[in-house]
Structures are given as C-alpha cells and as structure tokens.
Amino acid sequence: MRRMILIAITMIFLTSSFSMTLLLYKGSEGGYGESFFKRYIVPVLEELDEKYKMMDVEKVKLKLDDFDFIVTWYYSPKMENAKNYLRELSSFLMKGGKILIINNIGAIQDEGGDNPTLLDLNSVFNLLGITYRYGWKRIKILDLDLNERYLEVNDPNFTRDRDVEDYHVFGEYTETILKVSDGERWYPVAMIGPRGGIILFDYFTDDENRMVFNFHRVIFDILSGMGKKSKVLVLGNENEDVERALELAQIPFEWKRKLPKFLSGYIAIVQIEGRFPIDDPKILDYVENGGGLVLLSDGVKRILVDGLKLDELFPFPKDYKFLIKAEVGVIPPPLNSKPLLTSNGETVSWILKYGKGRMIYFPLKLINKYTRGLFVQILSESREFFIHSILNSYTIFLDDFPLPSYGIMRKKITEEFGDVTDGEFYYNIWWKDMVNLSRKLNIKYTTLLITSYNGRNRWPFDFSEFLQTPYPMRELKNVEEMKFELGLHGYNHKSLTKENWEKENLLESLKYLKAFLRTIMGEEYDPVSYVAPNNVIDEFGVEMLKRIFPSIRVIGTYYFTDKEKTLDEFELRGDTILLPRTTAGYYPIDKLMSDSVSVIMNFGTFQYFLHPDDLFSTDRNPKNKSWEGMVESLEEFLTKLKSLYPWLRNHFGYESADLFIHYFKEIPRITFGKDEIIVKLPEGSHFPRYFFLRSKYPLSIEGGRIIYKYKIGLYVLKMEKKKMAVKIHRR
C-alpha cells in the first residue's frame, strides 16, 4: 500500500508542468482572426506569462498534445474535413484541454459537402456544458442580463440588431456572462466554464464602440478553473502522514514539486520544507488575495515541546495538554503574528494575517501519525472558512471478553475484594460495573470472545479451557441478553500471521472455532467484528480469516505502531474495513483524551479498547490502581468526552462497518466559491453525512443543518440531502 502511494506521488512529480496556448485562425479570411488575436488575446497571454503559438488551421496538420488551451477565432462556418477537426477538438477536451471559441466554431459546414451533424458539433459543445441547435438569426435586443465580473462596462448599449445562435447552457459550472432577449426568449451570447466557452463576436463592442469583455479575467478564470476551488496544493517532497491525513478527511489535493502557474483555483497551499520569510511573489500574491498557506518546516531555534495547549484550535479540556513530546527546531513568530499552539510558554505554531489571507507555521518534525488530525485542523484554520468530511462515529471494544477463567485467586483481586476468583471478578464485578456504566452513559459495547490462551498452532484444537468454569458461558449469555454485539478475538491469542501459522493449521483452527461457536450460539451465528490477537495480523491472516468467516467485515488492529507486520491504517478492503485501535485503557485521562482527539480531529472517529484483565496487567495498570480507581477514571474520561463532543455517535462494530464503507466509497465533491461552499454526494449515497466547518461568520445552510457549534468558530454539520449549500454571511 505504502509503495503504491509513493509510486502515485512520483507519477505526479514527473508530470510535465509546462503550459502552452494554441491560437487558431483561418488564413483564407484575410487576417480576420489573426489581427484580432494580436489586438485582444496576445497581450493578455503575455501579461499572464502564458506561452503561445499562432497557427493557420487551414495550412497545418493539428497536433494538439503540446497544448493545454486553444483559442479559435473564425468568421466563416466552413472548413475542410470539418468532422475530423471536431473530433480532434472533442478528443482534446477529453484529455483535459480547454477551448475558448470566439464567434463560431468554424466547422458547421464542410468544404467537400460532408457537413457535420448536430451530433458532431455537440461532441465539442457538450463537453463545455453547452448544447447547440441550429437557429442563427438577428434580433432587436430589448433586455440583457450580465455578469459584471467579466465585463469592461457595466451598462453596455445594444440598440442595433445583432446575431444570436440557439445555444443552451446546462453545465453546472458553466456561467452565462452575457445573455440578451428579444422579448420572447433569452439567448446566451457569452458562456465560459472550467473547460472553456463561447463568445459571439457581435458583442465585443457596444453601440458606443466600447469594449464589452474583460479578456484578462475571462482567460485567467478559464485557465485557473473558473475560481471553483476544490483542491489543496501540496508543494515539496512526499510525506505519507500529510497525504493520509488529507485522504482520511476527504480533502482533495494535488502534489507538485514546482509551483504551478495559476494558484487561484486552490483552496489552500501546504508548503513542505518552505522558507520564511516567503520570498516567492506568486505565493505572497495568492495569500494577500485571500489564500491560505501552511508552512511545514523546521527552524533554527531549538525548543522542547512537552504537550500542546490545544483549546484555541480545537475543543479540548483546558486543564489538559495534547500529549506530544519532542525536541524540535522552530521558526520564531514574526512581528504581528499570533501564537496558535504553545508548549510551556513557547510558541510552537503561529498564524500571521497577510492582506486578505493567512499564513500558518508548524514544525515539520512534529508531523507524524499522531498529529495527522492536528495538521488537518491547522489547515482548516488557514482560511476564513473551510470544510471537510468526518465519520462521526466511535466504537468501544471489550477485548478478550468473554474469556476463559481458571477458578484461581489473583493477589490484585483479593487485596480489594477478598476471596474472589478470577471468574467471579470478571462476571460479578467487572462486567456488572461495565453494564452499569453503559446504562448510565448510554454507551454500547462490542465484545470480543476468545476461547483459550494455549498458544497452540496445530491440532488438537480443543475448548476445555473456555469450559473450565461456568463463568465464560454466563458472560456469553448475558452479552446476548443485553443485546451487545458479540465479535471474535480468536481461538487463542496467537496472531494470524504467516510467521506464526502454517496455512492448513490456521484454516483448521478457524474451522474448529466456527464449529464450536455454532454449537454454543446456534447455527445462525455469523460474527461481523474481529480484533486481531496482539493487534497484529498480516495479509495472509486476513485471507485465511475471511475464507472461514466470510461474515467478518471489521478487523481491529493498532493505529499508533511502528510495526511492519501488521495492518495499521484505516482502510477499506473489499467488503471489510480495517479499524485500528486508537485508544486503550482506563487511565491516565489526559492520554486517553489525547489519543482519541488526535483522530477525532482528522476525521471524526476513534476506536476504544478495554480488557477485563487490565487490573492485574503491569503494563496496562502501571500505577497499580484498584479496580474502583480504574472504573472511576474510565467514567470520568467518558463523561468528559461526551460533554465535550455531545454530537459524536457511538456504534457497534457491525454498524460502524457500513458507516466506514459508505464513508470511503461515497466521496463528496466540495467546491468553494467566494462566500459559498457546495457539497455534493454521488447518486445512491447514504445519509446523513457529517462535516467539520470552520468559520468566523454566521452561516445559512440548505440541504443540511448545524448540529453543534463551538465558540472558536468550529461547526459540526449534518448533511441530509444529495446537495448541501453553505453560505457565509459577512458582517
């Protein structure tokens, strides 16, 4: 998986970054198109530093692969081999090119008589978001409707009769910048979109000979994507954690080594290993005009980061720190900047307003798996308003429960409860407290059964250990009665890896486990959730597990690990979701909160694991707390969590399987306008969907609603229809 990511990034880096415009005219028209190009278009291209070539379409064989933008300027509708020409233009658009047609397409008729049909013509027009029907005529203009952004004059005067054609605009992102009416119907006469457009020459000047269109804005917006911002630009060397953070938050991004020519189409820029002060005029201009810049870099000032104050960036308990510890080099905060994140009084991350935009600095060395969510929130703070997807779900897994008990007395149990065996503790004390907590806080559990700890990896596979005392079967029955989910932890605690198991032995152990489960649970029992013993499983283990238990759709591992032998990412594999554990244990609360929030910040989820034997585990109860102290700590943590994030939903593992699958398959398309965000989901998507939105301004929403608002300007949105429009109302 990681290798595929690096290959994909390398392919992006190797993509050519040149830009070239082709200007096409007809030499037979006596300099008509050529002269107008030189007068109106060439100066704009030169101002934009856009390379161009001017060619006579009647004398050259078109080779369009070297160009990304074509402007045509023809008077006559006739062309030799007109159909072939239209096919070339259509293919050019399909490969990502852009076309601006001035006056007419120049290929409505063929010199040889084999005239194109409407099908041929619309193979080009339709890709521009326009459909064409024959119907040229001249009309007396009685009214007009215009988009002032693209006009040189706000009140063009059209009193004499002028040409119109029967064009219709249907593209969502195609804008009609000028349309006229004869009193009976409206006629679009200038239309542009992200792939190009059409402008009729009869409207270049008005009756007072004033230039009507602002070609600088027309061409700039076509080349830069019509200002419909939808992607983050990442500049610099590959960084897996930056990439995964953006993917999980479903923030579209484009990775480049070099700065592209046009920046206005990006919602923000992330610059890896960039320098400060910023010395690139294009980046400065981008930020000054309202863009967001996140600078990930290491500086020369060495500081020890020992916990971060987070509450100004993301809701977090004020008496806690976000637990991260590292010695890093930082860039000191410049004049007029404000601290964004601090550690023991030292500024770790700062924000600087520049013109209409913002720059944010964060140390590159602190970018890792644990800070992916922190990076996403920093990115969202770089703009006046920002939105990204969240899952809005967490699951509590009770790992190793039900489990075998042995009728023995453990010192840690007897010190607190007297003559109580392990089974009595699990069933009469631990489980009852967990059930009471479930009722009190309205939370649900996914339990994960294990039948033995014998470590055996070959036949015989028996279950006498599980049946040694009556408690495991009582626990099993009670889980069922309480309507909690019963999932699997395994036959024993030996990880399903190729290193631990021979194929036939592993398959046999899983078959025995399945037979045993159906003996005690009934033939209809098909588990959905599985957590890997030791949180470790490899591709081989997943394949064998799914072969015997095809009903498994959730596989739990461990998220914050450096181990190469396990699958440690949130990942969709066919109909199965990998859900690595992010949070575990009963204390300390600040660590539980940090571990959980680190992923909540990324995409609104965390996966919480607890064990019934944590009490007498030296690594999971390092302070040797009593069970009373541990369960009090657990309740305090969950209470704080639910108080701080009351919108966060709790699900069983089998429920979260569908949620994650829908989340990863049904990716929203988000576009940013000046004061509006449009979110769309594919056909057949499941609702509701959820988003974090950051804005200092009031909102109005269609197709969704606000379900929670924080004072720092962070909103939780619930999308209820296929399209959601969020409007920002500036005071």
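Residues being in a strand (DSSP E or B) and either under 15 Å from residue 202 (Cβ atoms) or under 41 Å from the mean Cα position of the chain (by Cα) (or both) are represented in segment 146-161 by at least one member.
Quick grid of which residues meet (1) touching a helix residue (DSSP H, G or I) at 6+ places or on another chain (Cβ under 7 Å); (2) over 30 Å from residue 320 (Cα atoms); (3) modelled with pLDDT of 95 or more:
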residue: 631; (1), (2), (3): yes, no, yes
residue: 653; (1), (2), (3): no, no, yes
residue: 666; (1), (2), (3): no, yes, yes
residue: 679; (1), (2), (3): no, yes, yes
residue: 684; (1), (2), (3): no, yes, no
residue: 712; (1), (2), (3): no, no, yes
residue: 718; (1), (2), (3): no, no, yes
residue: 724; (1), (2), (3): no, yes, yes
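Answer yes or no: is there a residue in segment 31-48 that is farther than 18 Å from residue 215 by Cα, surrounded by fewer than 17 Cβ atoms within 10 Å (Cβ to Cβ) and out of contact with any helix residue (DSSP H, G or I) (no Cβ under 8 Å at 6 or more places or on another chain). For segment 31-48, residues farther than 18 Å from residue 215 by Cα, surrounded by fewer than 17 Cβ atoms within 10 Å (Cβ to Cβ) and out of contact with any helix residue (DSSP H, G or I) (no Cβ under 8 Å at 6 or more places or on another chain): present. The residue that is surrounded by the most Cβ atoms within 10 Å (Cβ to Cβ), among those in segment 153-169 that are touching a residue at least 40 places away in the same chain (Cβ under 8 Å) and of a type in the set (S, T, N, Q), is 157.
Exactly one residue out of 283, 267 is assigned to a helix (DSSP H, G or I), within 25 Å of residue 230 (Cβ to Cβ) and under 26 Å from the mean Cα position of the chain (by Cα): that is 283.
Exactly one residue among 187, 134 is within 20 Å of residue 89 (Cα to Cα) and assigned to a strand (DSSP E or B), and that residue is 134. Among the conditions (1) surrounded by fewer than 16 Cβ atoms within 10 Å (Cβ to Cβ); (2) modelled with pLDDT under 95; (3) of a type outside the set (Val, Ile, Thr); (4) over 30 Å from residue 241 (Cβ atoms), residue 56 misses just one, which is (2).
All of 98, 83 fail the test of being of a type in the set (D, E, K, R), modelled with pLDDT of 95 or more, in the same structural domain as residue 204 (by TED's automatic domain parsing) and in contact with a Phe, Trp or Tyr (Cβ under 8 Å, 6 or more places away or on another chain), apart from 98.
Within segment 387-394, is even one residue out of contact with any Cys (no Cβ under 9 Å at 6 or more places or on another chain) and part of a loop (DSSP other than H, G, I, E, B)? Checking segment 387-394: at least one residue is out of contact with any Cys (no Cβ under 9 Å at 6 or more places or on another chain) and part of a loop (DSSP other than H, G, I, E, B). Being touching a helix residue (DSSP H, G or I) at 6+ places or on another chain (Cβ under 6 Å), over 20 Å from residue 584 (Cα atoms) and not in a loop (DSSP other than H, G, I, E, B) is a description that applies to residue 694. Selection of helices (runs of 4 or more DSSP H) fully inside segment 406-515 by the criterion of at least 2 residues being under 30 Å from residue 649 (Cβ atoms), out of contact with any Gly (no Cβ under 9 Å at 6 or more places or on another chain) and without any contact (Cβ under 8 Å) to a residue 40 or more places away in the chain returns 431-441, 471-481.
Considering segment 454-479, and only residues there that are over 21 Å from residue 521 (Cβ atoms) and surrounded by fewer than 14 Cβ atoms within 10 Å (Cβ to Cβ), the residue that is modelled with the lowest pLDDT turns out to be 455. In this structure, is residue 536 over 30 Å from residue 436 (Cα atoms), touching a residue at least 24 places away in the same chain (Cβ under 8 Å) and within 32 Å of the chain's Cα centre (by Cα)? When the stated conditions are applied, residue 536 passes them. Here the condition is being buried (at least 19 other Cβ atoms within 10 Å of the Cβ), under 21 Å from residue 29 (Cα atoms) and more than 38 Å from the chain's Cα centre (by Cα); of 115, 104, 81, it holds for 104 alone.
Checking 541, 556 one by one, the residue that is under 32 Å from the mean Cα position of the chain (by Cα), in a helix (DSSP H, G or I), crowded, with 18+ Cβ neighbours inside 10 Å and in the same structural domain as residue 400 (by TED's automatic domain parsing) is 541 and no other. On the stretch given as segment 628-657, residues that are over 30 Å from residue 417 (Cβ atoms) and assigned to a helix (DSSP H, G or I) total 7. Of 310, 352, all but one fail to be at negative phi, surrounded by 19 or more Cβ atoms within 10 Å (Cβ to Cβ) and touching a residue at least 40 places away in the same chain (Cβ under 8 Å); the exception is 310. On the stretch given as segment 224-261, residues that are of a type outside the set (Asp, Glu) and in a loop (DSSP other than H, G, I, E, B) total 18.
Inspection of segment 686-708 finds no residue satisfying the criterion of being over 24 Å from residue 268 (Cα atoms), surrounded by fewer than 13 Cβ atoms within 10 Å (Cβ to Cβ), of a type in the set (Gly, Ala, Ser) and out of contact with any Ser or Thr (no Cβ under 8 Å at 6 or more places or on another chain).
Among 150, 203, which is the only one that is at pLDDT 95 or above, aromatic (Phe, Trp, Tyr) and either surrounded by 21 or more Cβ atoms within 10 Å (Cβ to Cβ) or outside the structural domain of residue 262 (by TED's automatic domain parsing) (or both)? I'd like the intermediate steps shown before the answer.
Details: 150 fails: at pLDDT 95 or above.
Unique residue meeting the criteria: 203.
Taking residue 717 as the residue in question, decide whether it is part of a strand (DSSP E or B), outside the structural domain of residue 604 (by TED's automatic domain parsing), in contact (Cβ under 8 Å) with a residue 60 or more places away in the chain and in contact with a Ser or Thr (Cβ under 9 Å, 6 or more places away or on another chain). It is false that residue 717 is part of a strand (DSSP E or B), outside the structural domain of residue 604 (by TED's automatic domain parsing), in contact (Cβ under 8 Å) with a residue 60 or more places away in the chain and in contact with a Ser or Thr (Cβ under 9 Å, 6 or more places away or on another chain).
The values are calculated or read from the model by the stated rules, or taken from the named source; none is laboratory data. No experiment lies behind these values; they were computed from the predicted model shown. For neighbour counting, all protein chains shown are included, and Cβ atoms are generated from backbone atoms with ideal geometry for every residue, glycine included.
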